Amino acid sequence: MKRSLRIALAVAALTVTAVGCNPFLTGEGLNSDPNNPITATRQTLFMGVQANTFGQQESSVALTTCMWLQQCTGGGGRFVEEFGHYVIDEGSHSFDFNSVYTGGGLIDIRAIEASAAAAPDSIFLGVAQIYEALVIGTAADLWGDIPYTQALQVAAPQLDNQFAVYDSVQALLSRAIVNLGGNGPGPLDRDLVFGGDAAKWIAVAHTMKARYFLHTVEAAAAGQLGARTAAQVYADVLAQASLGIADASGGGDFAAFHGQATSERNVWFQFSQTTFGIDLVAGKYLVDLMKARSDPRLPQYFGVNAGGGYGGDDVNAPQLPDSISAIDGTRNAPDFRQPFVTYAENELILAEANNQGAVPNDPVALTHLNAERTAAGFPTPLAAITGAALLDSIISEKYVALFQNVEAWSDYKRTCQPAFTPYLIVNGASPVFNDKLPGRFYYGSNERNTNPNIPAPSAQLATNGFRNRNDPNPCP
């Protein structure tokens, strides 16, 4: 597998090319170097897709949301601090937007799917479809309406409605589940996550279906999904999560593969080793919450401070340097397998769906919450919690469990929990987000410069309070 990941990163470096002024969502430059033309097999392309996806889930998007959710805090007066203070523009995440479609992204995923279908290799096809669902579903979470139906087809693709994208992702995951029950060798050892284990991928697909249904529940409650109600959405969430990841050991988690070699290392670890790494420290809100709960994950997430304990920094109330912990707990290792879709998420989805369904079942919800807490290392289960207090415990636990995971931002936007105070506008920055956490990212400047269907930043800012369709209600 180490050799395979080196191949993956080499392929990613080869295929993610600068396209100049050409459109980013179509064209020859997406997956070819005109000076070194190649025809890659689906196995080779798959290595690049995995490397690209791991990078998407671990790099600047995750770093930004970690700061916005006060799990981390940025300082040092450099770009980390600016992102943490909501100082962003259309250039801030332009590379991340491009990577959805360029080499290692949708263009190569579609090539893998076509090759696997022609082989035929249904298992390989199903795995590739899950990667497409994660890449596109995450893009819809971050940017809302995105090019999808026409992406890779025309020079200036239209934006698909975010709800239509989620519907397409659901249909794609359903096809993936069917295909994974079919024939073919699959990716075998080129699969850096499960080694081609179809059953584990099927469970991941069900958890992802539950995740993306959950992302529409706020809109359903606001009447934005026609006759579809929040209770119906929660019923679908429950049905899918009941078939989702059930291995409490973590062996069924969709987590990145990383190794000790320089080219294989975990992206968070790599960042910690740069000159900017010292600018990112523990967030006070998260550390205080974990200390109050005697959370056993504290040494996994953070290092001890100069006093031998744990502490975080707060932009609103800066702390003394010696009291602040670095993000260098036991997880901060080159070979740490960064989790993306997990047993913990699935159990906490089941807990929320049982608590919030048409007929709430708090005893079952509490059972799922305690199952996740036990897997996390808590010695004593919670007891006698119901209603809103139980939901608060579920979302608070998920906030901790999804440390460094982009999905935590979707939970906050849906529930407005945990109820931290957004950072004050500092350094003379314009309060363009009305002193609230931004609800989305700006579309990438590269794509806007070549696609007239991408609205100007001012138009984006003026639409729905700079929130996506699935987030109709602003948090306090």
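Readers should treat all values here as calculations from the given coordinates under stated rules, not as data from a laboratory. Everything numeric here is computed off the predicted structure, so don't read it as measured data. Because the Cβ atoms are built from the backbone with ideal geometry, glycine has one as well, and the counts that use them run over all protein chains shown.
Given Cα pairs under 8 Å that are at least 6 residues apart, what percent is the relative contact order of the stretch 251-399? Kindly include the intermediate steps, with their values, before the conclusion.
On the way: 210 pairs, mean separation 37.4, N = 149.
So the answer I get is 25 percent.
Using Cβ point charges alone (K and R +1, D and E -1), the dipole size of the stretch 125-205 about the Cα centre works out to roughly 180 debye.
With an 8 Å Cα cut-off and a minimum separation of 6 or more residues, compute the relative contact order for the chain in percent. Walk me through the numbers before you get to the answer.
On the way: 859 pairs, mean separation 94.8, N = 476.
Averaging sequence separation for qualifying contacts and normalising by length gives 20 percent for the chain.
For Cα pairs less than 8 Å apart in space and 6+ apart in sequence, what is the mean separation divided by the residue count of the stretch 142-224, i.e. the relative contact order in percent? It would help to have the intermediate numbers written out before the result.
Details: 56 pairs, mean separation 17.6, N = 83.
Value for the stretch 142-224: 21 percent.
Report the charge-dipole magnitude of the chain in Debye, nearest 20, computed about the Cα centre from +1 at each Lys and Arg Cβ and -1 at each Asp and Glu Cβ. Spell out each step's value before the answer.
Numbers: 28 positive and 44 negative charges, 62 e Å.
Result for the chain is approximately 300 debye, rounded to the nearest 20.
Run the dipole for the stretch 85-235 about the Cα centre, Lys and Arg Cβ at +1, Asp and Glu Cβ at -1, nothing else charged, and hand back the magnitude in debye, nearest 20. All intermediate terms of the calculation are to be shown ahead of the outcome.
Details: 7 positive and 15 negative charges, 96 e Å.
About 460 debye.
Rounded to the nearest 500, the helix-only mean residue ellipticity at 222 nm of the chain stands at -14000 deg cm²/dmol, with each DSSP H run of n ≥ 4 adding -39,500 (n - 2.57).
For residue 169, what charge total do you get from the other residues with a beta carbon under 13 Å from its beta carbon, if Lys and Arg give +1 and Asp and Glu give -1? Write down the numbers at each step before the final one.
Details: positive: 175, 209, 211; negative: 132, 141, 160, 167.
Once all neighbours under 13 Å are counted, the net charge is -1.
Within the set 284/413; 291/398; 209/284; 398/436, which residue pairs have Cα atoms separated by over 25 Å?
Numbers: 284/413 20 Å; 291/398 16 Å; 209/284 33 Å; 398/436 21 Å.
Listed pairs above 25 Å: 209/284.
Binning the alpha carbon pair distances of the stretch 364-476 at 5 angstrom intervals from zero yields the distribution 2, 10, 15, 16, 16, 13, 10, 7, 6, 4, 1, 0, expressed in whole percent. Toward the positive end of the charge dipole of the chain, with +1 on the Cβ of Lys and Arg and -1 on the Cβ of Asp and Glu, the farthest Cα among 238, 366, 142 is that of 238.
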